[in-house]
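Derivation of every value follows stated rules applied to the coordinates shown; laboratory data play no part. Given the structure is predicted, the values throughout are model-derived calculations rather than measurements. Using ideal geometry, Cβ is built from the backbone for each residue, glycine included, and neighbour counts are taken over all protein chains shown.
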Amino acid sequence: MTDRRPSLVVVIVNFNTRDLLADCMTSLRDGGLAGLAAPHVIVVDNASTDGSAAMVRAAFPWAEVIDSGGNVGYAAANNVALRAVGFDGAAVATVAAEGGAAAVGDRTARPHVLLLNPDTVVPPGALAALTACLDAEPDLGAVGPKLLLADGTLDRACRRGFPTPAVSFYRFSGLARLFPRSRRFGRYNMTFLDVDAPADVDSVVGACMLVRGAAVEQVGLLDERFWMYGEDLDWALRLKRAGWRVGYRPHVTVHHVKRAASRHSPRARYEFTRAMWLFYRKHYDAGAAWWVRGAVRLGLAIKGGRRLAGEIWAERGEAPVRMESGG
């Protein structure tokens, strides 16, 4: 299923989810990849101890397996695969300087990139249908499907608003739960939208996030400061600031076993809150009023515990660090 110039690169980051990964790979083999020209599937294994990598090599030899060398986190592991297929995040500027517009055109003739969790099951034809969305809408930088949980309900993370200080306050204060149909209070999970209607959104979720190759080349790789969580929101915000649209397209459905790889991990729980801090500090801190900055720091320090409070306190006097070009 590989080719020198694949139409789609599917990147699956795995950490000790062998059985779920087997189900995901089976769904890809049995129709999930149907209709795509020369798809290239890469499994990046983050030092699993359950035989995941060996299982993929034995049962799905058409997929490439890359050992990341350790549990490097989700963003960094995805970047390992993206670099392996030639994305470097700085290519457009380099090629433009050396070869002009024609060279840029050649360079940006990139395959689309799908970030896919190992705890997903992809129905036949789903990825071809999702890819067709990018083909039909040239300014669509990223797109995601309707994600359904094991009980058949919507994974609300599949269409999200950016967690600005105001949006985050509405969520954690309970206003989002009380007024889910409000365009103001319900923006975190965009609960005011019809689940079956296509819409432009702030972000889709990295569990199944298809990104145009030219857009990846323009905005850069994932920001590796996000160990787990938040890197998809950051990528989407960088895409939108570069002029790309992000779409939710519910005519495509993918099934998702939520947090299968991380639900029991203390580090994952810590990283969820830390991701909020990193995202806020990177994108909103510089323009926030002093009292907003103080309130955000206090709230996240309380929620994140002593470890995160120490990190926030250590950075209290530093200027916000931006890295718009990616990881």
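Name the residue farthest towards the positive end of the dipole of the chain from the options Ala129, Gly86, Gly73, assuming +1 on Cβ of Lys and Arg, -1 on Cβ of Asp and Glu, about the Cα centre.
The Cα lying farthest towards the positive end belongs to Gly73.
Mean separation of Cα pairs under 8 Å and 6+ residues apart, divided by the residue count of the chain: what relative contact order is that in percent?
20
If you build a Gaussian network model of the chain, linking Cα atoms that sit under 10 Å apart, which residue out of Ala129, Ala275, Ala54 swings the most?
Greatest mean-square fluctuation among the candidates belongs to Ala54.
Counting pairs on different chains as well as pairs 8 or more places apart, how many Lys pairs in the chain have Cα atoms under 23 Å apart? Please report the intermediate quantities before stating the final value.
Working: Lys146/Lys240; Lys146/Lys258; Lys240/Lys282; Lys258/Lys303; Lys282/Lys303.
Lysine pairs satisfying the spacing and distance rule in the chain number 5.
Pull up all non-local amide H partners of Val10: gap of 5 or more, or a different chain, and H-to-H distance under 5 Å with H placed in the peptide plane.
Under 5 Å from the amide H of Val10 lie the amide H atoms of His40, Val41, Ile42, Leu114, each far enough along the sequence or on another chain.
I want to verify a result. In a Gaussian network model of the chain, Cα cutoff 10 Å, which of these has the top mean-square fluctuation: Arg245, Arg83, Arg306?
Of the options given, Arg306 has the highest mean-square fluctuation.
Can you put Ile302, Ile66, Ile42, Ile12 in order of Cβ neighbours within 10 angstrom, beginning with the fewest? Can you show the working numbers first?
Working: Ile302 11, Ile66 16, Ile42 20, Ile12 27.
Ascending number of Cβ neighbours within 10 Å: Ile302, Ile66, Ile42, Ile12.
Provide the per-residue ³J(HN,Hα) series for the range 192-198, in order, calculated from phi with Karplus coefficients 6.51, -1.76, 1.60 and θ = phi - 60°, each as a whole number of Hz, with x at glycine and proline positions.
In residue order, the calculated couplings are 7, 8, 5, 5, 9, 10, x Hz.
Considering the options Leu237, Gln218, Tyr188, tell which one lies farthest towards the positive end of the dipole of the range 130-253, charges being +1 on Lys and Arg and -1 on Asp and Glu at the Cβ, about the Cα centre.
My answer, from the dipole projection, is Tyr188.
Normalised by the number of residues in the range 160-244, what is the relative contact order in percent for Cα pairs under 8 Å and 6+ residues apart? Intermediate results must be reported in sequence, preceding the final value.
Numbers: 84 pairs, mean separation 22.1, N = 85.
The normalised contact order for the range 160-244 reaches 26 percent.
Which one of Ala286, Cys208, Asn117 has its Cα pushed farthest toward the positive end of the charge dipole of the chain, where Lys and Arg give +1 and Asp and Glu give -1 at the Cβ?
Ala286
Counting only DSSP beta bridges with both residues in the chain, what percent are antiparallel, rounded to the nearest 5? Numbers along the way, then the final one.
Details: 12 of 35 bridges.
Counting only bridges with both partners in the chain, antiparallel ones make up about 35 percent.
Only Cα pairs within less than 10 Å get springs; with that Gaussian network setup on the chain, which residue of Asp151, Asp67, Asp285 has the largest fluctuation?
Maximum among the listed residues: Asp151.
Relative to 2.2 N^0.38 Å, what does the C-alpha radius of gyration of the range 266-314 come to as a ratio? Two decimals please. It would help to have the intermediate numbers written out before the result.
Details: Rg = 10.4 Å, N = 49, 2.2 N^0.38 = 9.7 Å.
Rounded to two decimals, the normalised Rg is 1.08.
Rounded to the nearest 500 deg cm²/dmol, what is the calculated helix-only ellipticity per residue at 222 nm for the chain, with -39500 (n - 2.57) per DSSP H run of length n ≥ 4? Don't jump to the answer; show the numbers that get you there.
Details: 11 runs with 130 residues, N = 327.
The per-residue figure over the chain is -12500 deg cm²/dmol.
Rounding to the nearest 20 debye, state how big the charge dipole of the chain is about its Cα centre with +1 on each Lys and Arg Cβ and -1 on each Asp and Glu Cβ. Write out the running numbers ahead of the final one.
Details: 40 positive and 33 negative charges, 280 e Å.
Dipole size: approximately 1340 debye.
What is the percent of Cα-Cα separations in the chain that go past 35 Å? Please list the in-between numbers first.
Working: 10171 of 53301 pairs.
That fraction is 19 percent.
Which far-off residues, 5 or more places away or on another chain, put their amide H under 5 Å from the one on His255, with H placed in the peptide plane?
Here Val121, Leu148 satisfy the definition.
Filter the trypsin sites (Lys or Arg not before Pro) in the range 120-223 to those in DSSP coil with at most 16 other Cβ atoms within 10 Å of their Cβ, and list the result.
Working: sites: Lys146, Arg156, Arg159, Arg160, Arg171, Arg177, Arg181, Arg183, Arg184, Arg187, Arg212; in loops: Arg159, Arg181, Arg183, Arg184, Arg187, Arg212.
Passing both the DSSP loop test and the Cβ count: Arg181, Arg183, Arg184.
Given the range 190-267 reduced to its alpha-carbon atoms as identical point scatterers, what log10 I(q)/I(0) does the Debye formula return at q = 0.19, 0.20 Å⁻¹?
-0.96, -1.03
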